[in-house]
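Single-structure report; data block below.
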Amino acid sequence: MKSKKPNAGKINDIAVVIPAHNEEGCIELTVRHLHLELVTNKIPHEIVVVDDGSTDSTWKILTELTKDVPTLRPIKNIGPHGFGRAVICGLTNFQADAVAIMMADNSDDANDVVRYWEKLNEGYDCVFGSRFIKGGGVIDYPIHKLIMNRMANLFVTIMFNVAYNDTTNAFKAYRKEVIKGCAPFISPHFNLTVEIPLKAMVRGFSWTIIPITWRNRRTGISKLKIQEMGSRYLFICLYVWLEKTLTRDYRVNPDEPRVTAAEPPVKAITQEVEKPAIETSGEEFNE
């Protein structure tokens, strides 16, 4: 599969979904840096941070931060926990025309969100970042994780015949129509980072790749358990590969209106700041 030409119009705003579990040491810096970049570049936005069952002061920090960051919208995932479930919770509750998924540990460069915004406004449905093409880079990447990363991405590249070498990276951006058109999502953990882009490619949405930078977290503990992820990544790859091979029902025809799928219920509560908190089951996307 190769990148398709853009065919969509402009977007008016973008949401950034950030899953957070026990990120008291870095979440404030991540949100403030992101907000500064988006405001400086005059990009209408919302920052949706999903507290995924934190037992530290992450939620307290977020509630206090809403006083300084008016576009911040913290929510709690009150359903089953897990990285994928937290992201799905955020994807169910964002309100903008597009969304970027970003890590809470300040490892992703907030300026790359600005570049995602620019590419989406060129008409692409999806913008994928790669740390392993000219212009991209990694800082302090643990060597064992780097080796596993390159092996996993080589497997995906060969399996799907796709010209993208960083599929396992969570940091990507999508139009709202893509999220609707690729739902329901079934990955409860980090394999969601593979499920969304592969479904988008298989179902015919347009996409492009830009170089991005990544640096290893400075505080906290990584939530990715490599020894637990092999079978999960393999399962979701086979799941999407079977769709690609055996069905064509979900392919997007750029000349016809796009058909979306139903989303799974995701339980969440939003932060109460100056008005009563809104309870949401995540049964449908906000329009």
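Since every read-out is calculated from the coordinates, none of them should be taken as a lab result. Predicted model, so just to flag it, every value in this text is computed and none were measured. Here Cβ is always computed from backbone atoms with ideal geometry, including for glycine, and neighbour counts include all displayed protein chains.
Please work out if ALA183 is closer than 21 Å to PRO19 by Cα and surrounded by fewer than 21 Cβ atoms within 10 Å (Cβ to Cβ). For ALA183, the condition - closer than 21 Å to PRO19 by Cα and surrounded by fewer than 21 Cβ atoms within 10 Å (Cβ to Cβ) - is met. Restricting THR55, THR30 to residues that are surrounded by 23 or more Cβ atoms within 10 Å (Cβ to Cβ) and of a type in the set (Ser, Thr, Tyr) narrows the list to THR30.
In the condition set (1) touching a residue at least 24 places away in the same chain (Cβ under 8 Å); (2) surrounded by fewer than 18 Cβ atoms within 10 Å (Cβ to Cβ), LYS42 is compliant with all but (1). The residue that is nearest to the chain's Cα centre (by Cα), among those in segment 50-83 that are of a type in the set (A, V, I, L, M, F, W, C) and farther than 18 Å from LEU29 by Cβ, is PHE83.
So which of ASN93, ASN77, ASN106 ends up being of a type in the set (S, T, N, Q), more than 24 Å from ALA183 (Cα to Cα) and touching a residue at least 40 places away in the same chain (Cβ under 8 Å)? Just one listed residue meets the conditions, ASN106. Report yes if GLY204 is of a type in the set (Gly, Ala, Ser) and surrounded by fewer than 19 Cβ atoms within 10 Å (Cβ to Cβ), otherwise no. Considered against the rule, which asks whether it is of a type in the set (Gly, Ala, Ser) and surrounded by fewer than 19 Cβ atoms within 10 Å (Cβ to Cβ), GLY204 comes out as yes.
Results for (1) touching a helix residue (DSSP H, G or I) at 6+ places or on another chain (Cβ under 8 Å); (2) part of a strand (DSSP E or B); (3) not aliphatic (A, V, I, L, M), shown as yes or no for each residue.
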{"residue": "GLU37", "(1), (2), (3)": "yes, no, yes"}
{"residue": "LYS42", "(1), (2), (3)": "no, no, yes"}
{"residue": "ILE47", "(1), (2), (3)": "yes, yes, no"}
{"residue": "VAL50", "(1), (2), (3)": "yes, yes, no"}
{"residue": "THR55", "(1), (2), (3)": "no, no, yes"}
{"residue": "TRP59", "(1), (2), (3)": "no, no, yes"}
{"residue": "LEU62", "(1), (2), (3)": "yes, no, no"}
{"residue": "LYS67", "(1), (2), (3)": "no, no, yes"}
{"residue": "ILE75", "(1), (2), (3)": "yes, yes, no"}
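Here the condition is being over 17 Å from ALA98 (Cα atoms) and not acidic (Asp, Glu); of ALA15, ALA20, it holds for ALA20 alone.
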